[in-house]
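Presented below is the structure to which this report refers.
The values are calculated or read from the model by the stated rules, or taken from the named source; none is laboratory data. These numbers come from a predicted model, not from an experiment. Virtual Cβ from ideal backbone geometry, glycine too; neighbours counted across all protein chains shown.
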Amino acid sequence: MNFRLVFKLCGRLLLVEAALMLLPLITALVYGEDPSPFLKSIPIVAAVGLVLSLIPADRHFFVREGFFAAGMLWILMGLGGALPFWFCGQFPTVMDCVFESFSGFTTTGATILTNIEALPKGILFWRSFTHWVGGIGVLSLSLIVLPSLGGARSQFLTQAESTGPIASKLVPRQSSSSVILYVIYITLTLAEIALLLLAGMPLYDAVLTAFSSAGTGGFSNMNLSIAAYQDPACEMIIAVFLVLFSLNLGLFFLMVCRRFKEVWRNDELRFFLGAVALSTVIIAVNILPMYRDLGTALRYSFFQVASIISSTGFATADYTHWPLFSQTLLVLLMICGACSCSTGGGIKWARVVLLLRNIRREIHRIIHPRSVMVVRLDGKAVSDETIRSTLVFLSSYFLLAFLSTLLVSLDDQSFTASFTGVLACLSNTGPGLEAVGPYGSFQPFSSFSKLVFSLCMVLGRLEILPILVLFSRSAWKKT
């Protein structure tokens, strides 16, 4: 294990994080607030980053280093991002600050806050900005941290942080692919800000909402989330962008290149859009007796489906009061999540498709033992290695979900709140049901449970394996 290079990379990313804190610092100054939380945090993060980045190291960097570095990068970035929360004096404990920071960078959106609007605007800006930075994760690493590794070696780290069962580059050079995705990400963010402004949302609110939408995080600067605006136009704009940010960002590149047939042949895209449409209609019919108007029911249903399936967690209604069937369907959408190579969480629809088709193949094998049936995705044969890794991921996901729920149950909260809270963190969605619903918080849980939730967030964001590598004894060996 090349520890020197891993810590050198961590140092460079901490320097980037210190630079990013300048934006909320400027925001605090513009609104005439106390800038000390950022004036104290920036030197600390920068100093640690500088010390680590000056460590001499060679370029011996392979898959093991990539997975190890990905885990360390996100943990250190989350710890550094907790400093402004601690110095602002609005958070009761250090663990609460760490929880909020990890929730931000992992684009989870779970919170321990009960009165969000009481926080300074600079802190709220940093809180939502962590979503935007976390959502762009792999891209920022490729552009800022990886050039010194060289193209071939940089792919090991992007492989460790990529989401979905199959990762591919848009163009031959990894750095060029990152630039393309970076431009797409920024363009979509600016487009949402512009449309929200046209719909009448204040500039500050529009920027923070777009940050949270782009990262599919869900932090809002309002206690009632998006419901506070009571504006159907803003709700539909946000919902549409939540769906867009849930898609594989590479599909936008194909559309720019006018390769529309390739876009439509994408199995994951068709399954995802079908799930959104079908779930919206089913839930709307189920909640129709509550609202007594089909248009209103469809409006609330579409927004909540888009919010949950994208793993964002915005809310326009308290769905914990909806019928149990609708709540259960939303939990299933939470688990499935968004598409591969998007900013969304969950197990990803590509894995769902592979799982269903592998089940179909096994049934076919039982009926026709001598036949050969190939599992295909987007018209291409999927290797048994990819299917194996998919099954390993799914097994790890549910095993960790049950184990984490067991640990969190020590707090004697309800099973529904504990279990859906774990699923919400592991899927990077944020709100669950009951006490951790869209208008609740994770504050009632103990510091130990918040630590478990925080680890679940990072595990979900990095799709489990990079963090498990950190706890593997063989990963720490020098040979």
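Given the criteria under 26 Å from Met72 (Cα atoms), at pLDDT below 90 and not basic (Lys, Arg), does Phe453 qualify?
No, not satisfied.
Taking Phe102, is it in a helix (DSSP H, G or I), surrounded by 24 or more Cβ atoms within 10 Å (Cβ to Cβ) and either touching a residue at least 24 places away in the same chain (Cβ under 8 Å) or among the charged types (D, E, K, R) (or both)?
Yes.
Applying the selection to the stretch 1-49, what residues are without any contact (Cβ under 8 Å) to a residue 40 or more places away in the chain, loosely packed, with under 15 Cβ neighbours inside 10 Å and farther than 13 Å from Phe125 by Cα?
Of everything in the stretch 1-49, those that are without any contact (Cβ under 8 Å) to a residue 40 or more places away in the chain, loosely packed, with under 15 Cβ neighbours inside 10 Å and farther than 13 Å from Phe125 by Cα turn out to be Ala19, Gly32, Leu39, Pro43, Ile44, Ala47.
Enumerate the helices (runs of 4 or more DSSP H) found wholly within the stretch 263-350, keeping only those where 1 or more residues are touching a Pro at 6+ places or on another chain (Cβ under 8 Å).
Filter on the stretch 263-350 gives 267-291, 294-309.
Mind telling me which of the residues Glu235, Glu268 ends up being at pLDDT 95 or above, on the phi < 0 side of the Ramachandran plot and not hydrophobic (A, V, I, L, M, F, W, C)?
Sole residue among the options that is at pLDDT 95 or above, on the phi < 0 side of the Ramachandran plot and not hydrophobic (A, V, I, L, M, F, W, C): Glu235.
Hey, any hits in the stretch 358-375 for a residue that's within 26 Å of the chain's Cα centre (by Cα), surrounded by fewer than 21 Cβ atoms within 10 Å (Cβ to Cβ) and on the phi < 0 side of the Ramachandran plot?
For the stretch 358-375, residues within 26 Å of the chain's Cα centre (by Cα), surrounded by fewer than 21 Cβ atoms within 10 Å (Cβ to Cβ) and on the phi < 0 side of the Ramachandran plot: absent.
Within the stretch 222-231, which residues are in a loop (DSSP other than H, G, I, E, B) and within 15 Å of Gly440 (Cα to Cα)?
Correct list: Met222, Asn223, Leu224.
Of all residues in the stretch 1-35 being in a helix (DSSP H, G or I), of a type outside the set (A, V, I, L, M, F, W, C) and modelled with pLDDT under 95, which is farthest from the chain's Cα centre (by Cα)? Steps first, answer last, please.
Pass one, the stretch 1-35, residues in a helix (DSSP H, G or I): 3-20, 22-30.
Pick out the ones that are also of a type outside the set (A, V, I, L, M, F, W, C) and you get 4, 8, 11-12, 17, 24, 27.
Among the residues that remain, those that are also modelled with pLDDT under 95 are: 4, 8, 11-12, 17.
Numbers: Arg4: 29, Lys8: 25, Gly11: 23, Arg12: 22, Glu17: 18 Å.
For the stretch 1-35, the residue satisfying everything is Arg4.
Residue pairs, Cβ under 7 Å, 6 or more apart or interchain, first in the stretch 250-272 and more than 19 Å from Trp349 (Cα to Cα) and in contact (Cβ under 8 Å) with a residue 40 or more places away in the chain, second of a type in the set (A, V, I, L, M, F, W, C) and assigned to a helix (DSSP H, G or I). List them.
From the stretch 250-272, the pairs are Phe253/Ile180; Phe253/Ile184.
Looking at this structure, is Gly437 crowded, with 20+ Cβ neighbours inside 10 Å and touching an Asp or Glu at 6+ places or on another chain (Cβ under 9 Å)?
Spelling it out, Gly437 is indeed crowded, with 20+ Cβ neighbours inside 10 Å and touching an Asp or Glu at 6+ places or on another chain (Cβ under 9 Å).
Inside the stretch 289-326, can you point out the residues that are in contact with a Leu (Cβ under 6 Å, 6 or more places away or on another chain), more than 17 Å from Gly421 (Cα to Cα) and surrounded by 23 or more Cβ atoms within 10 Å (Cβ to Cβ)?
Within the stretch 289-326, just Ala306 meets the criteria.
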